[in-house]
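Q: Got a structure for you, written out below as structure tokens; questions coming shortly.
The values are calculated or read from the model by the stated rules, or taken from the named source; none is laboratory data. Fair warning: this is a prediction, and the values are worked out from it, not measured in the lab. Note that we place each Cβ from the backbone using ideal geometry, even for glycine, and neighbour counts take in every protein chain shown.
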Amino acid sequence: MSPPELLVIAGPTASGKTRLAIELAERVGGEIVNADSQQVYRHFDIGTAKPSAAELARVPHHLLSCVEPTEAFHAARFAQLADAVIADLHGRGKRVVLVGGTGLYIRVLLHGVVPAPGTDGALRAELETFSDEVLHARLMGVDPVSAQRLPVPDRVRVIRALEIHALTGEAASAHRERHAFQGDRYPFRLWVLDPPREALYAAINARAQAMFDAGLVEETRRLVEAGYRQAAPMRAVGYAQALAVLDGAMTVPQAIADVAQKTRHYAKRQWTWFKKEPGAVFVPPPYDAIGA
């Protein structure tokens, strides 16, 4: 049986991907597969902007709240889980609507994983002793391309890039370039939502305010009390600032402003990523060009 065609809706955060994906899935008789690296975690709901209960009731969603916050998760694991869901949907005659803003997850699912060396426990233990700032500075010295792509707090990926350099003698960015992604794993149509910059930033600002109005600080408090203070998603934008509020390091207005600013910067990086995606079709509002 040939692999199914995937209908992929990507783009920067707060660009309207969820609403559009639901409308498309309803129109084509499909179900939605999540491709957001934070929405896979259980219990982290408000700060990851998961679909509402009403939205979830309209169309079945997959790979939402599917792993524990303390569980190691990465793009290859995502592709493995997504493959199983896609096979099930295809077997039931359902179209697959993949939606999310995590470019690496989408790329790995569509094109495959770049071969990379294994991990080195001793090296990682050594790297873990350094602060985020020191690690990022070290990466800038050996792999400026990766360092410019990765924000300072992205400790997991910064350490991985340093590990690849130490084990292979070449920069992780050069390693990725040399080992180009293989042929497509699925036929696909990839639409990237491309709203005007000013409108997107206004939506991001409004979402930051709405998250705190919806109880992000209270949700973060419950997560800390449940033992998730050191979990990976707690370092994500939104939760990091809510945690700072709980610790007394930020006021709520300061936290909202910081979330909005950092999310705008993240949106810029998403735009840059998707501009490099083969086959991507950038669609401005009202997104009438998206169909199946």
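Here's the yes/no breakdown for (1) under 29 Å from Leu110 (Cα atoms); (2) in the same structural domain as Leu98 (by TED's automatic domain parsing); (3) among the polar types (S, T, N, Q); (4) in a helix (DSSP H, G or I):
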site	(1), (2), (3), (4)
Val192	yes, yes, no, no
Ile204	yes, no, no, yes
Ala210	no, no, no, yes
Glu219	no, no, no, yes
Arg222	no, no, no, yes
Gly227	no, no, no, no
Gln241	no, no, yes, yes
Leu246	no, no, no, yes
Ala255	no, no, no, yes
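Q: Condition first: free of Cβ contacts under 8 Å to residues at least 60 places away in the same chain, touching a helix residue (DSSP H, G or I) at 6+ places or on another chain (Cβ under 8 Å), part of a loop (DSSP other than H, G, I, E, B) and hydroxyl-bearing (Ser, Thr, Tyr). Can you find one or more residues in the range 275-289 that meet it?
A: no
One line per residue, one yes/no per condition, for (1) under 21 Å from Gln38 (Cβ atoms); (2) surrounded by 18 or more Cβ atoms within 10 Å (Cβ to Cβ):
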| residue | (1), (2) |
| --- | --- |
| Ala72 | yes, no |
| Arg77 | yes, no |
| Gly93 | no, no |
| Leu98 | yes, yes |
| Val108 | yes, yes |
| Gly121 | no, no |
| Glu128 | no, no |
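Q: For the range 271-289, how many residues meet the condition of being among the hydrophobic types (A, V, I, L, M, F, W, C), within 28 Å of Arg149 (Cβ to Cβ) and in contact with a strand residue (DSSP E or B) (Cβ under 8 Å, 6 or more places away or on another chain)?
A: Narrowing the range 271-289 to residues among the hydrophobic types (A, V, I, L, M, F, W, C): 271, 273-274, 280-283, 289.
Subsequent filtering for residues that are within 28 Å of Arg149 (Cβ to Cβ) retains 271, 273-274, 280-283.
Then keep just the ones that are in contact with a strand residue (DSSP E or B) (Cβ under 8 Å, 6 or more places away or on another chain); that gives 274, 280-283.
Number satisfying all stated conditions: 5.
Q: Report yes if Met211 is modelled with pLDDT of 90 or more and over 30 Å from Val8 (Cα atoms), otherwise no. Let's see the steps before the verdict.
A: Numbers: modelled with pLDDT of 90 or more: yes; over 30 Å from Val8 (Cα atoms): no.
For Met211, the condition - modelled with pLDDT of 90 or more and over 30 Å from Val8 (Cα atoms) - is not met.
Q: What is the number of the single condition among (1) surrounded by 18 or more Cβ atoms within 10 Å (Cβ to Cβ); (2) within 22 Å of the chain's Cα centre (by Cα) that Arg229 does not meet?
A: (1)
Q: Also, I was wondering about something else. So, in the range 120-152, of the ones that are outside any helix (DSSP H, G or I) and out of contact with any Ser or Thr (no Cβ under 6 Å at 6 or more places or on another chain), which residue ends up modelled with the lowest pLDDT?
A: Taking the candidates together, the pick is Asp120.
Q: Of the residues Arg19, Arg42, which is free of Cβ contacts under 8 Å to residues at least 40 places away in the same chain and under 20 Å from Ala199 (Cα atoms)?
A: On the way: Arg42 fails: under 20 Å from Ala199 (Cα atoms).
Criteria check complete, one pass: Arg19.
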